[in-house]
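Before any comments, here is the structure.
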Amino acid sequence: MIQRETNKFCGFLAQIENWNESGKIEHDKIDDAKTMYKSNSKTLFQLEHCWNILRNEAKWLNLRENVKVHARQPATQSCLTFAGSTNLDEDNDEMNFGETLERPIGKKVEKEKLKKRKISNDVVSRLSYQLDEIKEQKRRMHDEKKGKYVHCNRRMKRVNMHCIRRTKRVDLYQGREE
């Protein structure tokens, strides 16, 4: 509600500012925008206090003034240097028109990013689960191979012991015959 009505008022104000009426100060333009709002909406604009807070935020700025300044002056290195500089010692809330502000991320874009992040997290968790399953399967196969190796090794030792005993018996038997 606040956003819709404030956007509507900002649109009327932008229209009035685009008319470039000479001799009009900002207060007159705001009054004209209120009149236009009233004639269009059949009610008074009651959110001026909200608009006063939001008017200097990046989303609500009419960057028309910046476009005019850049159209008249070619951009030089010194212009670019000062345009981006900010005096951190000053503690005022007024808009610095030389500085271009980045518009905040909208609700739709934020939701899309969140959705993509969630999908990405789901994919990562599924892949992680599959990787864990593969590792577990490899561990089981390794344990199984190790078990078979130990079993074969024991069997070979038994067979060797059996052969050694037979050889000793044969040697004993041959020793008695002689």
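Readers should treat all values here as calculations from the given coordinates under stated rules, not as data from a laboratory. Because the structure is predicted, anything quoted here is derived from the model rather than measured. No Cβ is skipped: glycine too gets one built from the backbone with ideal geometry, and neighbour counts run over all protein chains shown.
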- Query: Which value, in nm² and rounded to one decimal, describes the direction-averaged projected area of the C-alpha convex hull of the range 106-178?
  - Reply: 4.7
- Among the lysines, which have Cα under 29 Å from the Cα of Lys138 when same-chain residues fewer than 8 positions away are ignored? Lys146, Lys148, Lys157
- Message: Within a 10 angstrom radius of the beta carbon, how do Thr35, Thr43, Thr6 rank from fewest other beta carbons to most?
- Response: Thr43, Thr35, Thr6
